[in-house]
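Contents: one structure, followed by commentary.
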Amino acid sequence: MLGDPCSARQFDAEQWSALVNIARRTNLLGVLAERLNSAGVSAGPLANRHFEGARQLSERQHRSVLWEVHQLDAALGHLQIPILLLKGAAYVISGHVVGKGRLFGDIDILVPRASLGDVESRLMLAGWVSATTSAYDQRYYRKWMHELPPMTHLRRGTVLDVHHTILPLTARNAPDPKQIIDRSSYLPNFSMMRIPSPEDLVIHSITHLVHEGEMHNGLRDLNDIDCMLRRFSLVPGFWDRFVGCAVGNDLAGPVCFGLSLARRFFGTPIPSAVLTQLSSTGRGQQTTRWLEAVYVRAIEAAGEDHRSITMDLAKWLVYVRSHWLRMPWTLMIQHLSIKAWVRWRASVGSARES
Amino acid sequence: MIDTVLHIAPFNVRVRSPIAAVIRHLEFFYEGYRRGEPGSFIDFDVQVLQGKGLRRWWRPQVRFLLDGMESFYPLPAAQSAPLFEWGLNWCVANRPLGYLVMHAGLLARAGQALMMPGFPGAGKSTLCAALCLMQDWQLLSDELAILDPGSGLMQPHPRPISLKNASVDVVTAFPQARLGPLYHDTRKGSISHAACPASSVAAAGTVARVRWIVLPRFVAGAVPHCEKISRAETFSLISEQSFNKERMGEVGFDALCGMLSGADCYQIVFGSTADGLKLIGDITGS
């Protein structure tokens, strides 16, 4: 439907209902609204209300992202360090078509690890506070993760994720954030804000997707990937640079897997030489057929009303795999047990109170 | 088990529930509402279900699901019918639908609407009930005023009137009132619902333009008082009572300005329902 909006022309009310429902569950309602709009497909007054609502919301979110980025630039500009916008914020600020109609919850930035302390204290002065209160979570983030605990702005309530690299420090792959920073480019109208190179934008989006523990935004992320690849690959030499960056940053395995998922869901045109090159150098993660089937099931589950055992199993496998990729198994068992214990304590506590 | 599509203007709501209290509530309050034909467009797909696991039997709970997702905490099973109403309010206020939704009572006569923004304890619901049950006002909504930015017109959203604490007794005394069960110990105290007049349900396709905005304030024993207030002041007061103006950005701002530009705004203080009706009558020229 995203690739061929015109196929919705003959839809009846029931089909529009189902489409709006699935698009909302997969967080693609705004994107779909834009696609239908530019294809000149009218959804009829009832469904259109939902598309119009999503379009207004995404317009409003984009405006507030722009405002937040200006605030970040003002808060961190004095540090004279590169500040990279990642994912949604990068798409919107760079004006890339992938941002059109996109809805998202938080802003992600990447800064050099050495500046993390300065960045955090500057952000706190500007009204951002750490949203995680649990001491265990604070420790866990700071010791093992690739980002600070999420920060929330006191007045505006917006959520900010400050990354110093793109994967947890304990992950099996060890990408070098310095490479991404070196390849990034400055944004006009800002003092220190930058966005990653087109290659790194896609690579990060893919890496994020295949390391993620929950797939409820899986289809949206694959759509981002498909949309960027179709656009960027028009520039001569893109695929060579792309493979170079993925291999050079120890991400050939996950990128190869993500590309095959994009091709599966969106028919993304990817030269087979690219997949061959990536899979021959990919280390540690061979994209087996069953793993792909698990992800396909978990991604599809996000759009489904009724749950099945295979979907639940697929979701669980993706969750466990994400932890397995993120950390050595001894640490994973320790972490998941502590999390389960805390959850159990909380559920017993709330049952006693009520 | 009930599985039906109700046309609660301007929305189609699919309701599924196995809970007897919810089924009774729907039969009592929504009997005269149009049913959606098979294959109609669904705005909200709602389920009211029993608690999970042990919570089915042990201190039973009730859950509200929109599109299969549970968006807020369960409530004690005895509150399943109020949970349906609160849940549906939440759907209307939170789902981006291109409408500006405000917390206000809304009534109309001959296409001219009277809007009463809701501040807790202001006596808005009682006045709403009195105006539609004892006079010839069409009830558009007692809580959710829905503005379509495209046309600048208010959309009727007739639902049972939600009454709290003392206003339950006041409205019970109205001869035309038809009240459902009383629910004790909810997070809003004791609550009950009064049925929306059949004529207002039948007129749910008739939209209206806001002509008067009245901020009511009930003060026991007060001398009736009416004061005209500026549109600018009213703008800021209504902004506070809007659920989604921020999220609608420029469209929401413009819609609210447009609505206010055609309205006269008043603040009234009254000590009894009769005084309140008299003041509203003076303002609206009836």
Using only Cα atoms and rounding to the nearest 10 degrees, what angle (0 to 90) does helix B:124-134 make with the longest principal axis of chain B?
90 degrees
Taking only Cα atoms of region B:225-280, radius of gyration then Dmax in Å:
13.9, 40
What are the ³J(HN,Hα) values, in whole Hz, obtained from phi via the Karplus relation 6.51 cos²θ - 1.76 cosθ + 1.60 with θ = phi - 60°, for each residue of region B:265-279 in sequence order, with x given for Gly and Pro?
10, 9, 10, 10, 10, 9, x, 8, 4, 4, 4, x, 4, 5, 4
When the expected Rg is taken as 2.2 N^0.38 Å, what fraction or multiple of it is the alpha-carbon Rg of region A:140-215?
1.23
In this structure, the FRET efficiency calculated for B:Thr206 and A:Ser64 from their beta-carbon separation, with R0 = 35 Å, to the nearest 0.05, is 0.40
Helix B:231-240 sits off the longest principal axis of the Cα atoms of chain B, rounded to the nearest 10 on a 0 to 90 degree scale, by 10 degrees
Enumerate the whole-percent occupancy of each 10 Å bin, from 0 to the last occupied one, for all C-alpha pair distances of chain B.
6, 29, 36, 22, 6, 1
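So for region B:181-286, averaging the separation of alpha carbon pairs under 8 Å that are six or more residues apart and normalising by length, what relative contact order in percent results?
Taking the mean separation of contacting Cα pairs over the length of region B:181-286, I get 38 percent.
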Under Karplus coefficients 6.51, -1.76 and 1.60, residue-wise ³J(HN,Hα) of region B:172-178 in Hz, glycine/proline x:
4, 6, 5, x, 7, 6, 10
In vacuum, with every alpha carbon of region A:114-252 counted as one equal point scatterer, what does the Debye formula give for log10 I(q)/I(0) at q = 0.22 Å⁻¹? Two decimals, please.
-1.49
Please work out the Cα center distance from region B:171-193 to region A:216-284, rounded to the nearest Å.
61 Å
Is the shape of chain A rounded, prolate or oblate, going by the alpha carbon gyration tensor and its root eigenvalues a ≥ b ≥ c, with a/c under 1.5 for rounded and a/b larger than b/c for prolate?
rounded
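Counting protein heavy atoms only and a 1.4 angstrom probe, how many square angstrom of accessible surface do chains A and B bury in total, to the nearest 100? Intermediate results must be reported in sequence, preceding the final value.
Details: alone 17260 and 12780 Å², together 28020 Å².
The summed interface area works out to 2000 Å².
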Students often forget the sequence filter, so: which lysines lie under 19 Å Cα-Cα from A:Lys178 once same-chain residues fewer than 8 apart are removed?
A:Lys87
Could you tell me which trypsin sites (Lys or Arg not before Pro) in region B:21-58 are loop residues by DSSP with no more than 11 other beta carbons within 10 angstrom of their beta carbon?
B:Lys52
Any chance you could get the radius of gyration and Dmax over the Cα atoms of region B:27-152, in Å?
17.2, 53
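For region B:139-286, what is the per residue volume of the convex hull drawn over the alpha-carbon atoms, in cubic angstrom? Kindly include the intermediate steps, with their values, before the conclusion.
Working: hull volume 20.2 nm³, N = 148.
Per residue, the Cα convex hull of region B:139-286 comes to 137 Å³.
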Determine how many Å³ per residue the convex hull of the Cα atoms of region A:47-94 encloses.
62 Å³
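Test of understanding: given chain B, find the longest segment containing no chymotrypsin sites (Phe, Trp or Tyr not before Pro) that are in a DSSP loop and have at most 12 other Cβ atoms within 10 Å. Don't skip to the end; give the middle numbers.
On the way: sites that count: B:Trp57, B:Trp58, B:Phe72.
Longest gap between qualifying sites, sites excluded: B:73-286.
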On the first, second and third principal axes, largest extent first, how far apart are the outermost C-alpha atoms of region B:80-164 in Å?
36, 34, 20
Once the Cβ-Cβ distance between A:Thr310 and A:Met1 is put in as r, and R0 is 30 Å, what FRET efficiency do you end up with, to the nearest 0.05?
0.80
Kirkwood calc, region B:90-133, C-alpha pairs only, radius in angstrom 11.9 Å
Cα gyration tensor of region A:1-141, axes a ≥ b ≥ c as square roots of the eigenvalues: rounded (a/c below 1.5), prolate (a/b > b/c) or oblate?
prolate
Using a Förster radius of 30 Å, what is the FRET efficiency between A:Thr276 and A:Asp106 based on their Cβ-Cβ separation? Nearest 0.05, please.
0.25
Once amide H atoms are built 1.01 Å from N in the peptide plane, which residues 5 or more positions from B:Gly105, or in another chain, come under 5 Å H to H?
B:Met116, B:Gly118
If you count the DSSP beta bridges with both ends in chain B, what percent of them are antiparallel, to the nearest 5?
75 percent
On the accessible surface of the protein assembly as shown, probed at 1.4 Å, how many percent belong to carbon and sulfur atoms?
56 percent
So which DSSP H runs in chain A come out at 24 Å plus along the axis (Cα) with average Kyte-Doolittle of at least -1.0?
A:44-76, A:309-326, A:329-353
Kindly express, to the nearest 10 degrees and within the range 0 to 90, the angle between helix B:245-261's C-alpha long axis and the longest C-alpha principal axis of chain B.
40 degrees
How large is ³J(HN,Hα), in whole Hz, for each residue of region A:77-82 in order, when computed from phi with the Karplus curve 6.51 cos²θ - 1.76 cosθ + 1.60 and θ = phi - 60°, using x for Gly and Pro?
x, 5, 5, 6, 10, x
Indicate the residues belonging to region A:51-85 that lose 50 Å² or more of solvent-accessible heavy-atom surface (probe 1.4 Å) upon moving from the chain alone to the assembly of all protein chains, ignoring ligands and nucleic acids.
A:Gln56, A:Leu57, A:Arg60
Residue among B:Ser261, B:Ser141, B:Ser17 with the largest mean-square fluctuation in a Gaussian network model of chain B, springs linking Cα atoms under 10 Å
B:Ser261
For region A:64-143, the spread of Cα positions along each principal axis, largest first, Å
40, 28, 21
Quick check: residue separation of A:Gln10 and A:Arg289 times 0.36 nm, minus the Cα distance between them. What number comes out in nm?
96.8 nm
Write down Rg/Rh for the protein assembly as shown, rounded to two decimals, with Rg from the C-alpha atoms and Rh from the Kirkwood relation over Cα pairs.
1.01
The protein assembly as shown: antiparallel bridges as % of DSSP beta bridges, rounded to 5, reads 70 percent
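The values are calculated or read from the model by the stated rules, or taken from the named source; none is laboratory data. Being a predicted model, the structure only gives us computed values, none of them experimental. For neighbour counting, all protein chains shown are included, and Cβ atoms are generated from backbone atoms with ideal geometry for every residue, glycine included. Heavy atoms of the whole protein, side chains included, go into the accessibility calculation; ligands, DNA and RNA do not. Shrake-Rupley method; radii C 1.70, N 1.55, O 1.52, S 1.80 Å.
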